[in-house]
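The values are calculated or read from the model by the stated rules, or taken from the named source; none is laboratory data. All figures in this text were calculated on a predicted structure; none of them were measured in a lab. Cβ: placed from backbone, ideal geometry, glycine included. Neighbour counts: every protein chain shown. Heads up: the accessible areas ignore ligands, DNA and RNA and are worked out on the full protein's heavy atoms, side chains in. Shrake-Rupley method; radii C 1.70, N 1.55, O 1.52, S 1.80 Å.
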Amino acid sequence: MKIVDIKTTLLTAPLKTPFITSLRRVEMLEDLVVIITCDDGTTGYGEGAPTPVITGETIDTMKAAIGYLKPFIIGKEIAELDSILKNIHSRLLHNTTAKSALEIALYDLKAKAEKLPLYRVLGGTKTAFKTDITISMDHTEKMIADALQAVSLGYDTLKIKIGDDPVKDAERVIAIYDALPKEITLRLDANQGWEAHEAITLLQKIETYGIIAEFIEQPVRADDIDGLKQIKDAVKTPVLADESVFSLGDAKRLLELDAVDFINIKLDKCGGISKALVLADLCEGYGVKCMLGCMLEGPVAIAAALHVASARAGTITMIDLDGVALLAHNPARGSVIFDESRLVLSDDIGLGIKNLS
Ligand code: MG
């Protein structure tokens, strides 16, 4: 199967409710889809979610990066996937979301060439997963209402977005905790919103109240590694690195310093499936569990992430793949059963995407 064409198209879908974090507010999914075609007519789908405030990428930079890499991919046999991927990553630095979209489409093709679901090509067996859902940052009453609605839909793990004001954040978390059944698991994500001393004060306050969240995600700036370590050493709540970890080198540094308890792997940050697998293997070596997370990703990218989670199920023990659950409707057919918190991979070959609208 020789690669003969690479196209990109915009995938848009309205969200059920605006997505609000300490970094941004978004009302609509606007992702770039990559469609790679082989000489026998087989097509592979990829997708990336441009997130300028995190990866520095926009739809236009993604298109430019993919256009730049195109000559290094066209004409290659999909059987030479490893060398194609090596080329993609060595020819262009950064641009991790563009590269991830290309990687996803290439892996889709590889699995189609082998006539297997992608997770089996990657060595996985697990097919059923449970995701949390994001509760966007808002005034406390709205966050409580959103949290209660999520629980009524069957979610038992909620990811609470905070990080705009450490005092208000503590009050929000306590109010949400008090409003929810006690068996609900809370994950907290500050999206770099605090200083280390603020995070420590806040977390000690809620811990004294009896709240030990499953983790606090990225409490401080991405480059504040000392801050992460200080927080980890001072509080009981486990610390998870998100924006601090793009590359293998980022992860190695944090793991060597014992600065965090968990790492959030996202395809759009690390540069795609091959890189996510290597990151998970690195973490396994350090005995550190990972979460597989997403940006505001649609059904192609979320499917790819689930195939990776299946392939590294021993290390990827937490799933934060609610991108499709946040959409007013799913613009794709096939691949994954999206049933609120329950995500199930099918036995369709490749990623299994049948149609995008
Ligand atoms: Mg995060």
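Could you tell me how many of the residues in the stretch 30-67 are in contact (Cβ under 8 Å) with a residue 40 or more places away in the chain, outside any helix (DSSP H, G or I) and under 20 Å from the mean Cα position of the chain (by Cα)?
Looking only at that region, the number is 14.
Considering each of Gly154, Gly123 in turn, give the residue that is within 24 Å of Val344 (Cα to Cα), among the small types (Gly, Ala, Ser), out of contact with any strand residue (DSSP E or B) (no Cβ under 9 Å at 6 or more places or on another chain) and surrounded by fewer than 24 Cβ atoms within 10 Å (Cβ to Cβ).
After applying the criteria, what remains is Gly123.
Of all residues in the stretch 89-113, count the ones that are touching a residue at least 24 places away in the same chain (Cβ under 8 Å), of a type in the set (D, E, K, R) and in contact with a helix residue (DSSP H, G or I) (Cβ under 6 Å, 6 or more places away or on another chain).
3
State all residues of the stretch 115-130 that are of a type outside the set (A, V, I, L, M) and touching a residue at least 60 places away in the same chain (Cβ under 8 Å); if no residue qualifies, say none.
Within the stretch 115-130, Lys115, Pro117, Tyr119, Gly123, Gly124, Thr125, Lys126, Thr127, Phe129, Lys130 qualify.
Within the stretch 317-357, count every residue that is outside any loop (DSSP other than H, G, I, E, B), in contact with a helix residue (DSSP H, G or I) (Cβ under 7 Å, 6 or more places away or on another chain) and at pLDDT 95 or above.
Qualifying residue count, the stretch 317-357: 4.
Need the failing condition index for Lys266 against (1) of a type outside the set (A, V, I, L, M); (2) farther than 24 Å from Leu85 by Cα; (3) within 16 Å of the ligand (Cβ to nearest atom), just the number.
(2)
Looking only at residues that are among the β-branched types (Val, Ile, Thr) and open to solvent by 30 Å² or more (accessible area, probe 1.4 Å) in the stretch 201-219, which one is farthest from the ligand (Cβ to nearest atom)?
Thr208
For the stretch 174-192, which positions are of a type in the set (A, V, I, L, M) and more than 16 Å from the ligand (Cβ to nearest atom)?
Across the stretch 174-192, the qualifying residues are Ile174, Ala175, Ile176, Ala179, Leu180, Ile184.
Could you tell me whether Ile231 is among the aliphatic types (A, V, I, L, M) and either at pLDDT below 95 or farther than 23 Å from Thr55 by Cβ (or both)?
Yes, satisfied.
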